[in-house]
1. If you build the Cα gyration tensor of segment 11-111 and take the root of 5 times each eigenvalue, what three semi-axes come out, in whole angstrom, biggest first?
2. Just to confirm a number: summing +1 for Lys and Arg and -1 for Asp and Glu over residues other than Ile38 whose beta-carbon lies under 12 angstrom from that of Ile38, what do you get?
3. Let me have the 222 nm mean residue ellipticity of the chain computed from DSSP H runs of 4+ only, each contributing -39500 (n - 2.57), with the sum over all residues rounded to the nearest 500.
4. What whole number of Å gives the distance from the Cα centroid of segment 26-70 to the Cα centroid of segment 77-105?
5. Cα-Cα over 24 Å: which of Lys81/Lys105; Lys56/Lys77; Lys72/Lys105?
6. Any idea of the accessible area per residue across segment 17-69, 1.4 Å probe, to the nearest Å²?
7. Of the heavy-atom accessible surface of segment 28-111 (probe 1.4 angstrom), what whole percent is carbon and sulfur?
8. Would you list which aspartates and glutamates come within 13 Å of Lys78, measuring only between C-alpha atoms, while excluding same-chain residues fewer than 8 positions from it?
Amino acid sequence: MQKQVEGYGGMLNKYEFLIHHLTSYPNAIIQKVQKDKIQIYIDLSIISSTMNFYIKEGFQCVNIQWIGISKKLGKHKKSWKFPDTYSQEKMVQRINEDLNNQMDKILGNKY
């Protein structure tokens, strides 16, 4: 796995589009970078919430985990697993759709 990532110049290069999207949120920072994983932290203090995204290289796949913590809404999680060759644009699209659906369920919104 490490050689797969190193061949792309590291996690920041291999998943550049995905990371750029996740760090485009206001107050988002890359909190930790390791050889096979990245943690992105998002401070949403204006609504008393935080979010963390964990991107971890697996065997021919990438695992992404989202953890949202809100004082009013509690703790929520969502995970995705994609082939490491999967389009990052499609990863972002799927993550956005799933998080929007998750928020609708949390807030009790009807479709």
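The values are calculated or read from the model by the stated rules, or taken from the named source; none is laboratory data. If you're wondering where the values come from, they're calculated on a predicted model, not measured in any experiment. Don't worry about glycine lacking a Cβ; one is built from the backbone with ideal geometry, like all the others, and counts go over all protein chains shown. Keep in mind that these areas ignore ligands, DNA and RNA; they rest on the heavy atoms of the full protein, side chains included. Shrake-Rupley method; radii C 1.70, N 1.55, O 1.52, S 1.80 Å.
1. Working: eigenvalues 109, 53, 26 Å².
Ellipsoid half-lengths, sorted descending, are 23, 16, 11 Å.
2. Values: positive: Lys14, Lys32, Lys35, Lys37, Lys56; negative: Glu16, Asp36, Glu57.
That sum, taken over residues with Cβ under 12 Å, equals +2.
3. Working: 4 runs with 36 residues, N = 111.
The helix-only estimate for the chain comes to -9000 deg cm²/dmol at 222 nm.
4. 13
5. Values: Lys81/Lys105 21 Å; Lys56/Lys77 16 Å; Lys72/Lys105 15 Å.
Where the Cα-Cα span goes over 24 Å, no listed pair is concerned, since all stay within it.
6. Values: 2850 Å² over 53 residues.
Normalised by residue count, the accessible surface of segment 17-69 is 54 Å².
7. Numbers: 2750 of 5390 Å².
Of all accessible area on segment 28-111, carbon and sulfur atoms account for 51 percent.
8. List returned: Glu97, Asp98.
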